[in-house]
Amino acid sequence: STTAPETFPQTRPRVDSAPMLCWAASATVRCAHSFSYPPFQRRAGNGRKREKLCVSAGMSGAADVQSRQAASLPLETLVQLEDAPLVDAPPCEGIYCSAEPGSAIRDLIAECPALSERANWYRAPWWMANGHILTVWAALRRDAPQVVYSRRCLITPDRGTLGLDFLQGVLLGGSSEAQATPAPTSGPLVLLCPGLGGDSQDSYVRSMAAAVAEHGFRCAVLNMRGCGELEVTSPQLFSARRGSTDDLRHALSFLSEELPQGTPIFAAGWSNGGSILLNALREYEQKGEGGAPCPLSGAVAMAVPYDMRLPSQALETPLGKFIYDRNFLRSLLPKAESFLTRWSADLTHIDAQAVRESQSLKDMEIHLISPMFGYQSVEEYYEDASTHDAVARISLPTLCISALDDPIALSDGIPLRAFSASATVGLACSRHGGHIGWPDLLHGNRATWSEVAAMQFFSAALRRLQRSDNEGTRTRIDMT
């Protein structure tokens, strides 16, 4: 891997790459009564205070349940296959994974109190138990800490540029950069993959980066081409699969070579970043003996659109256009304009004027993304980038987290049967949460539940890995 030598701190506060505007929030509240989501219902054990999550979930470190033995732990949130007998039945809230004896993913999830105990499950306040409200509220009101990064620029084989931002410190309250709480600089590392057009300064990314540091892990964020103020140095941007999975594998290869030998590496991604992550894991499996082995020890994918056709349909509805689609365009059109200005001469197969006149995200996928990566149509792109068939092909311990009321990554696309049959990939499906939401009003609207669940999962995988190393077995968790 070739890297640019310069390193610089980043503490710039700015608006997220796809902000939800205040007027959209008020409009959503006015429209909320028209949606047919099931009413909020309490389940057994919900009488306990919400504060229990951050106590039992171990916000103070990675060894929160180290003394517990997974084989004896119950998984009261597990959804049995007979609970959803029809393939097209609406999913229920809970955990979907193989319940067979020896199911490694079930045992890992059982070590995560945020996932295994129903009392710790995410619960939205009754007055905002709606996917649109939760999505907008989290985007507008998430009080994520400011952070300090140092950047390494990676040069890809086609001369593209990626940005790896390593977390150096977390600024709490009104502290200055000099007073930042130092982040771990050694030990296991979690690589974060932001959503479509996002970067290391998006609020949900900064919030998760702080959670990674709180749990004693080192953290890095992968900024894709043209994101995070990166210069576009090759005639290629990003997609949900082609090109971007190569870039992710390039970054992982760099990390595995740069970090001390044997350092465990984990990865987490949201939305489009989660699609890239799952597709990359599938490709590691498909390359078999001829390709490089996957350097990851575990992965978490959140708010993933398993069927790429569904977000496109959701964004074409009046409310989807009003709230989400125009904000995606506000984020992506400047990137596309900068890209086309520099590389239009090398992109004769792309109608630059049609891209500039795009009125929706789908227009950009039709006129820019699909032809850029060799797809004959946007439908072919959606089919290739969808991850509903990837679940059954991934052997790495992987946790997926989705919300049933996600207004973009619709729950209709969740491959429930694939998850229920998998001994290596599990799904945590919450009743509410929105898209990259799960706001926790007690903790600055940070996505405490999903962050804690992800870090508990990584901590459980790390403990398994350490036990395997102590027993002299393979360095990656044996999921067979």
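The values are calculated or read from the model by the stated rules, or taken from the named source; none is laboratory data. Model, not experiment: these values are computed from the prediction. Don't worry about glycine lacking a Cβ; one is built from the backbone with ideal geometry, like all the others, and counts go over all protein chains shown. Just so you know, the surface numbers come from the protein's heavy atoms only, side chains and all, with ligands and any DNA or RNA stripped out. Shrake-Rupley method; radii C 1.70, N 1.55, O 1.52, S 1.80 Å.
Being of a type in the set (A, V, I, L, M, F, W, C), closer than 22 Å to Ile436 by Cβ and open to solvent by less than 30 Å² (accessible area, probe 1.4 Å): is that true of Val148 here?
No: the conditions fail for Val148.
Would you point out which residue out of Ala345, Ala421 is open to solvent by 10 Å² or more (accessible area, probe 1.4 Å), of a type outside the set (Ser, Thr, Tyr), at pLDDT below 95 and closer than 18 Å to Val79 by Cα?
Answer to the check: Ala421.
I'm trying to understand the selection: among the residues of segment 244-266, which are open to solvent by less than 10 Å² (accessible area, probe 1.4 Å) and within 23 Å of Asp384 (Cβ to Cβ)?
Of everything in segment 244-266, those that are open to solvent by less than 10 Å² (accessible area, probe 1.4 Å) and within 23 Å of Asp384 (Cβ to Cβ) turn out to be Ser244, Thr245, Asp247, Leu248, Ala251, Leu252.
Scan segment 424-480 for residues that are in contact with a Leu (Cβ under 8 Å, 6 or more places away or on another chain), hydroxyl-bearing (Ser, Thr, Tyr) and at pLDDT 95 or above and jot them down.
Correct list: Thr424, Ser430.
If the requirement is being in the same structural domain as Pro194 (by the TED database), touching a helix residue (DSSP H, G or I) at 6+ places or on another chain (Cβ under 6 Å) and modelled with pLDDT of 95 or more, which of these qualifies: Gly269, Gly274?
Gly269
Picking from Ser150, Ser98, which residue would you name as being assigned by the TED database to the domain that holds Pro235, at pLDDT below 95 and outside any helix (DSSP H, G or I)?
Ser98
Can you confirm whether segment 295-318 contains a residue that is buried (at least 21 other Cβ atoms within 10 Å of the Cβ), in contact with a Gly (Cβ under 8 Å, 6 or more places away or on another chain) and on the phi > 0 side of the Ramachandran plot?
yes
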